[in-house]
Amino acid sequence: MAARLAPVAKFLIKGGLAGAAVYVAYDQGLLGSGTQGAEALKKAQAALPPVIQEWTSYLGWELPPTPKFDFSPSDSWNKGVQSVMSALSVAPTRACEYTVEGWKYVKDLVK
């Protein structure tokens, strides 16, 4: 009987942990817009170093200082979108220029 309940218990525990992880991600705003994600990242960057320092002092470990990152996912996303749109806007002009250069090259080869 216990052998039959073990897989069910494992499934329920894993499902509960997965559900809790999704709930916490939703509650913290990680599944929302980019600005909500950036705000959640800033909150995590402010909250994690003191907690890590407390646990390392409790356990007696010595960790090197954490590097400081100045990274905004929403700014990076916006820059990427702007780069792609800029490339798409000049694509027809560049295609015409490359076509003209290609025809000149072929004509020079044929001479």
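Every number in this text was worked out from the coordinates using simple rules, so none of it is lab data. Keep in mind it's a predicted model, so treat the numbers as computed, not measured. Don't worry about glycine lacking a Cβ; one is built from the backbone with ideal geometry, like all the others, and counts go over all protein chains shown.
Residue 25 - would you say it is assigned to a helix (DSSP H, G or I), within 30 Å of residue 81 (Cβ to Cβ), free of Cβ contacts under 8 Å to residues at least 60 places away in the same chain and among the hydrophobic types (A, V, I, L, M, F, W, C)? The answer is yes for residue 25. If you go through region 28-60 and keep only what is in contact (Cβ under 8 Å) with a residue 24 or more places away in the chain and aliphatic (A, V, I, L, M), you end up with 38, 41.
If you go through region 22-41 and keep only what is surrounded by fewer than 11 Cβ atoms within 10 Å (Cβ to Cβ) and under 14 Å from the mean Cα position of the chain (by Cα), you end up with just 33.
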